[in-house]
Amino acid sequence: MKVLFATPEIAPWVKTGGLGDVAGALPPALRQAGVDVRVLVPYYPGLRQAFPPDKAPEVVELDSLGAEFADSALRIAKAPDGTPLMLLDCPAYFDRAGNPYLGPEGRDWLDNHLRFGLLSRVAAWLGSEANRLPWRPTVIHCNDWQTGLAPAYLKLLPSARANALITVHNLAFQGLFGAPTRGELGLPAHAWSMHGVEYHGHLSFLKAGLQYADAITTVSPTYAAEIQTDAEGMGMAGLLRHRAGQLSGILNGIDAAAWNPMRDKHLPFAYDADSLAAKKQNKAALQREVGLAVRDDLPLLGVVSRLTHQKGLDLVAALEQQIAALPAQLVVLGSGEKTLEAEFQRLAELHPGQIMARIGFNEGLAHRIEAGADLFLMPSRFEPCGLNQMYSLRYGTPPVVRATGGLADTVIDGINGFVFKEATTAALLAAIQRATATWRDRKAWAAMQADGMARDVSWAKPAAQYAALYAKLRA
Ligand code: ADP
């Protein structure tokens with residue numbers, strides 16, 4: 001079974017969120033499960049640095065796709081774990097500063113439709129008879145809107161041979177562009193309909209993927225059900241209900257090597273379920289690192305997140321006084337909406353030693369918060385899967401989560417964490433109060449930590465589920 005895993009980001013080299021983590025960890029797990037998988041990803045500066053051109057030989061030029069790609073090629077490299085990478089080298093599109101989607105000033109690149117149109121086109125082309133390489137995938141596994149046109153191109157290409165699966169990591173990002181982009185992307189006029197790539201007068205990459213893919217997955221069973229409801233379907237619910245027979249949820253795993261408190265290179269003190277005293281040392285070290293009072297008699301609440309409306313952290317900010325009065329400590333690491341960043345910075349100034357905010361992206365500190373905090377907060381309004389609650393389980397840091405998406409599928413109230421229903425400050429506060437009361441009950445707390453730390457949150461099971469789905473697609 002030959003599978004092309006097409007993705008716009010891949011950890012640890014290029015990552016803006018959970019999809020990057022999935023792309024870094026699922027393909028190696030698929031290889032373990034016996035799948036012949038290769039990863040197609042743009043050759044961004046981060047990958048160019050890790051796999052310089054002399055270490056990534058060019059295998060095929062892409063000028064057959066059009067004169068404008070005369071300078072483009074596919075380069076082959078191997079990740080350190082042995083996963084073959086197909087690096088899409090188109091310097092005009094991908095050798096740029098900034099992140100995969102935004103320029104250095106934080107604005108979307110104006111040619112994102114062309115950049116990810118190319119990624120989609122190359123993915124489809126690899127799955128067609130036009131691909132004369134010795135390796136031709138039988139399944140194209142697409143991820144999010146950036147690869148959403150691949151299933152459309154596959155359906156429209158006469159020589160296409162591969163089946164397409166699209167995984168939705170977050171339905172909020174739909175890849176919407178103006179109508180004239182259809183022609184620029186080489187999509188035929190007949191595809192411009194409600195049953196094609198058109199979405200309320202725009203071109204939607206994601207809708208194209210949902211419309212044309214042979215199967216659709218999303219990253220948790222609960223999210224798969226939620227996105228078929230008008231309340232949470234973000235305008236795609238009708239289409240998703242129509243495709244319900246091809247839609248399923250496969251829960252993400254985590255990179256169990258990178259997120260292992262016994263072997264975590266970012267932690268000052270290694271620990272596991274049998275040596276939780278060292279977790280306390282990590283707490284003191286974290287308090288010192290971020291400038292909180294070094295107190296082991298106060299519960300320390302941790303947050304690592306994009307600061308956006310989705311994540312519900314405005315609810316945490318609104319509870320500032322109640323959290324301080326519990327009393328508890330709070331450390332927030334994140335970046336995103338400027339108003340939330342400013343709000344957490346203001347709270348840190350208001351409650352020195354008790355509330356701390358670090359604005360920015362900091363991989364090492366994220367690990368140290370998972371290890372040093374007593375509780376981890378994820379009050380998300382919606383959460384397709386969520387990774388941090390699984391890291392928290394593994395790190396003996398019971399998560400406080402809202403019952404939505406993957407949070408509902410991974411955290412069990414009163415067993416390994418705390419679950420609340422309504423996205424309100426009252427419901428969140430009640431859950432935090434329950435959690436801190438339990439934290440003071442040493443026996444109950446130890447039982448919760450033990451349950452979370454013993455759960456299998458690795459990629460082994462999800463990889464087997466994907467492998468079974470690929471096989472079903474080929475049958
Ligand atoms: P999403 O993909 O919606 O952002 P996930 O929980 O699925 O949420 O994944 C987020 C990933 O990004 C996690 O690995 C998390 O640790 C990481 N992350 C988010 N914000 C930061 C930050 N400011 N610093 C370090 N890591 C972060």
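Would you check which residues across the range 299-335 are over 24 Å from the mean Cα position of the chain (by Cα) and of a type in the set (S, T, N, Q) and list them?
GLN321, GLN322, GLN329, listed by residue number.
Matching residues to (1) in contact with a Ser or Thr (Cβ under 6 Å, 6 or more places away or on another chain); (2) within 16 Å of the ligand (Cβ to nearest atom):
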residue	(1), (2)
ALA273	no, no
LEU276	no, no
ARG295	no, no
LEU319	yes, no
THR339	no, no
PHE344	no, yes
GLU349	no, no
MET356	no, yes
GLY372	no, yes
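Quick one: in the range 138-168, of everything that is crowded, with 24+ Cβ neighbours inside 10 Å and assigned to a loop (DSSP other than H, G, I, E, B), which residue is farthest from the ligand (Cβ to nearest atom)?
Within the range 138-168, the match that is farthest from the ligand (Cβ to nearest atom) is ALA162.
Looking only at the range 329-357, filter to residues that are part of a strand (DSSP E or B) and in contact with a helix residue (DSSP H, G or I) (Cβ under 6 Å, 6 or more places away or on another chain); which one of those is nearest to ALA437 (Cα to Cα)?
Residues of the range 329-357 that are part of a strand (DSSP E or B), as a first pass: 329-336, 355-357.
Within this subset, residues satisfying the condition of being in contact with a helix residue (DSSP H, G or I) (Cβ under 6 Å, 6 or more places away or on another chain) are 330-333, 355-357.
Working: LEU330: 16, VAL331: 19, VAL332: 21, LEU333: 25, ILE355: 20, MET356: 22, ALA357: 24 Å.
Filtering first and then ranking leaves LEU330.
Tell me, which residue of the range 275-328 that is in a helix (DSSP H, G or I) and among the small types (Gly, Ala, Ser) is surrounded by the most Cβ atoms within 10 Å (Cβ to Cβ)? Write out each step before concluding.
Filtering the range 275-328 for residues in a helix (DSSP H, G or I) gives 277-290, 309-311, 313-318, 320-325.
Going one step further and asking which of them are among the small types (Gly, Ala, Ser), we end up with 277-278, 284-285, 317-318, 324-325.
Working: ALA277: 9, ALA278: 17, ALA284: 17, ALA285: 17, ALA317: 20, ALA318: 15, ALA324: 16, ALA325: 9.
Per the stated criteria, the residue is ALA317.
Here's a check for you: in the range 199-232, which residue that is of a type outside the set (A, V, I, L, M, F, W, C) and part of a loop (DSSP other than H, G, I, E, B) is surrounded by the most Cβ atoms within 10 Å (Cβ to Cβ)? Outline the logic, then answer.
To start, the set of residues in the range 199-232 that are of a type outside the set (A, V, I, L, M, F, W, C) comprises 199-202, 204, 207, 209, 211-212, 214, 217-218, 220-223, 226, 228-230, 232.
This time we only want the ones that are part of a loop (DSSP other than H, G, I, E, B), so: 200-201, 214, 220, 228-230, 232.
Values: HIS200: 9, GLY201: 8, ASP214: 18, SER220: 24, GLN228: 19, THR229: 11, ASP230: 10, GLU232: 17.
This residue is SER220.
Do we find that LEU19 is in contact with a Ser or Thr (Cβ under 6 Å, 6 or more places away or on another chain) and surrounded by 16 or more Cβ atoms within 10 Å (Cβ to Cβ) in this structure?
Details: in contact with a Ser or Thr (Cβ under 6 Å, 6 or more places away or on another chain): no; surrounded by 16 or more Cβ atoms within 10 Å (Cβ to Cβ): yes.
In short, no.
Condition check ((1) surrounded by 15 or more Cβ atoms within 10 Å (Cβ to Cβ); (2) in contact (Cβ under 8 Å) with a residue 24 or more places away in the chain; (3) over 22 Å from GLY18 (Cα atoms)) across all residues:
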residue	(1), (2), (3)
GLY364	no, yes, no
SER380	yes, yes, no
ASN388	yes, yes, no
SER392	yes, yes, no
MET448	yes, yes, yes
TRP459	yes, yes, no
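Where the second residue is of a type in the set (Val, Ile, Thr) and within 16 Å of the ligand (Cβ to nearest atom) and the first is under 14 Å from ALA325 (Cβ atoms) and lies in the range 347-360, which pairs have Cβ atoms under 8 Å and are six or more apart or on separate chains?
Short answer, once both residue conditions are applied: ILE355/VAL331; ILE355/VAL332.
Looking only at the range 207-215, decide whether some residue is without any contact (Cβ under 8 Å) to a residue 12 or more places away in the chain and not small (Gly, Ala, Ser).
Just the residues of the range 207-215 that are without any contact (Cβ under 8 Å) to a residue 12 or more places away in the chain, to begin with: none.
Checking the range 207-215: not a single residue is without any contact (Cβ under 8 Å) to a residue 12 or more places away in the chain and not small (Gly, Ala, Ser).
Against the definition (within 16 Å of the ligand (Cβ to nearest atom), farther than 23 Å from ALA467 by Cα and surrounded by fewer than 21 Cβ atoms within 10 Å (Cβ to Cβ)), how does GLY66 come out, yes or no?
Details: within 16 Å of the ligand (Cβ to nearest atom): no; farther than 23 Å from ALA467 by Cα: yes; surrounded by fewer than 21 Cβ atoms within 10 Å (Cβ to Cβ): yes.
No; evaluated as a whole, the condition is false for this residue.
Would you be able to tell me the number of residues in the range 374-389 that are on the phi < 0 side of the Ramachandran plot and within 12 Å of the ligand (Cβ to nearest atom)? Explain how you work it out, then say what you get.
At the first step, the residues of the range 374-389 found to be on the phi < 0 side of the Ramachandran plot are 374-385, 387-389.
If we keep only those that are within 12 Å of the ligand (Cβ to nearest atom) too, we end up with 376, 378, 380-385, 387-389.
Of the residues in that region, 11 qualify.
Need the failing condition index for LEU429 against (1) in contact (Cβ under 8 Å) with a residue 24 or more places away in the chain; (2) out of contact with any strand residue (DSSP E or B) (no Cβ under 7 Å at 6 or more places or on another chain); (3) under 30 Å from ASP274 (Cα atoms); (4) in a helix (DSSP H, G or I), just the number.
Failed condition: (3).
Give me the pairs, please: first residue somewhere in the range 19-48 and without any contact (Cβ under 8 Å) to a residue 24 or more places away in the chain, second residue anywhere and among the small types (Gly, Ala, Ser), beta-carbon distance under 8 Å, and either six or more positions apart or on two chains.
Cβ pairs passing all conditions: GLY20/ALA11.
Quick note: the coordinates plus some simple rules give every number you see, no bench work behind them. No experiment lies behind these values; they were computed from the predicted model shown. No Cβ is skipped: glycine too gets one built from the backbone with ideal geometry, and neighbour counts run over all protein chains shown.
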